[in-house]
Amino acid sequence: MPDFAYIARDTSGKKVSGTIDAGNPRDAAAQLASRSLFPIDVKPADRSAASPDRLRSRRVKPQTMAVFYGQMASLLRSGVSMMRALTVLGEQATDKNLQVVLADIRSRVEEGEPMGNAMARYPRVFSEMGVNMVRAGTEGGFLEDALDRVSTFTELQEDLKGKTVSALAYPVFLFGVGSIVITVLIVFFVPKFDPLFARLRDKGEMPPLTDGLLSFSMLLQQYGVYLLLALIAAGVFVRFKLQSEEGKFAADKIKLRIPVLGGILMNLAVARFCRVLGTLLGNGVPILRSLEISRAATGNRLLSHSIGEASENIRSGESLAAPLRSSGYFPQTVVEMISVAEESNSLETVLPTIADSLEKRTFRRLDLFVRLLEPIMLLIMATLVLIVVMALLIPVIKSSSAI
């Protein structure tokens, strides 16, 4: 059944818009009339980039979604109906994609579809955690609190991501610029010295460092394009392999084995798990369903596998802490706190506290790592430049001494 875009007015004269499923424009107008809406314009929905079907493969910025969740909670808490809140937020949304999505959700909710189910149609706009918390909040009568918690959690996660990216931005920039400078030196500057050192090469007196540098420079000049194509092909192959479950699992395993950085990434994944699980439990989501959602939020398959085993333990009536301890990925202090929280039946309050503490410690380590990474990168680049300069100066000094 095709979609029709409509513009109509409600009983108060307010202009509303959205999409509706109907066989033809006349049926669409009849459906609008049955909802006490007076159609102004009804036409086939545009299937371009702004249509809901196309938007199912597009993302909306998490910061925008955090604002949406918070505003939705405030409107509902103030007594505004869900339909009116969706209309207001859809009209005020600065993101065009979100405008279309909210209009479609509003029309579906108006037809009787639960809000959580309508949101689930857009998995790249609404996170799985957000959808499940809305469903739990709708069923349990605490939708405003659930939306508030999703908003807070989304903001915390984006702050975490922003801090990590900003911390690593300068070292990555330094590495990129340094690599370009050294490549230009070797490919375009070093070969100009080759004719000057021909006499030393003929006598067999060419220093090994200089000879190696010149040979490497000639190699890049002659086969540089092929090497670049080979690197691109290797990158495409690796990216293709990472699309498979085996490749993703191997990549997650390699990440955790990186010195220093691996421990930081693991702690951040554990913190995400604790925060999501605590938020879901605090909003009344059953523990098995909460574990299923939170294991996907870790972003690491090794950790997710360990949490899956913990779910099986809980199904058989055992504790959560035991399999987490045996996995070896969870810090001992975290496991002990989870064990005590299970005994006191306070997981929903202890888990966010664990996440806060773990994130603070991890960010101190990340800050120290980045502070050390900057001088290390400078030292590596300076050493490489020094090697190039020395390789060119040694033959000059040797020739001057001979003269």
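The values are calculated or read from the model by the stated rules, or taken from the named source; none is laboratory data. These figures come from a predicted structure and were not determined experimentally. Every residue, glycine as well, gets a Cβ built from its backbone with ideal geometry; the counts of neighbours run over all protein chains shown.
Scan the range 308-329 and give yes if some residue there is in a helix (DSSP H, G or I), within 24 Å of the chain's Cα centre (by Cα) and more than 22 Å from ASP148 (Cα to Cα), otherwise no.
Checked the range 308-329: at least one residue is in a helix (DSSP H, G or I), within 24 Å of the chain's Cα centre (by Cα) and more than 22 Å from ASP148 (Cα to Cα).
Determine, yes or no, whether MET377 is surrounded by 14 or more Cβ atoms within 10 Å (Cβ to Cβ) and farther than 20 Å from PRO259 by Cα.
no
Could you tell me which residue of the range 277-297 is farthest from the chain's Cα centre (by Cα), considering only residues that are closer than 15 Å to GLN157 by Cα and modelled with pLDDT of 80 or more?
Filtering the range 277-297 for residues that are closer than 15 Å to GLN157 by Cα and modelled with pLDDT of 80 or more, the one farthest from the chain's Cα centre (by Cα) comes out as GLY278.
Within the range 61-144, which helices (runs of 4 or more DSSP H) (wholly inside it) include 3 or more residues that are at pLDDT 85 or above?
In the range 61-144, 62-77, 82-92, 96-110, 115-120 are the helices (runs of 4 or more DSSP H) which contain 3 or more residues that are at pLDDT 85 or above.
Suppose we keep only residues that are in a loop (DSSP other than H, G, I, E, B) and in contact (Cβ under 8 Å) with a residue 60 or more places away in the chain within the range 251-305. Which one would you say is surrounded by the most Cβ atoms within 10 Å (Cβ to Cβ)?
VAL285
What pairs come up if the first residue lies in the range 106-135 and is outside the structural domain of LEU37 (by TED's automatic domain parsing) and of a type in the set (Asp, Glu), the second is in a helix (DSSP H, G or I) and modelled with pLDDT under 85, and their beta carbons are under 9 Å apart, counting only those six or more places apart or on different chains?
GLU111/GLN31; GLU128/ILE293; GLU128/ALA296; GLU128/ALA297
Given (1) in a helix (DSSP H, G or I); (2) touching a residue at least 60 places away in the same chain (Cβ under 8 Å), where does ALA169 come up short, assuming only one miss?
Of (1) in a helix (DSSP H, G or I); (2) touching a residue at least 60 places away in the same chain (Cβ under 8 Å), only one is false for ALA169: (2).
Any residue in the range 184-210 that's assigned by TED's automatic domain parsing to the domain that holds LEU386: show its pairings with residues that are in a helix (DSSP H, G or I) and aromatic (Phe, Trp, Tyr) at Cβ separation under 7 Å, as long as the two are six or more apart or on different chains.
Sorted first by the residue in the range 184-210, then by its partner, the pairs are ILE186/PHE216; MET206/PHE197; THR210/PHE197.
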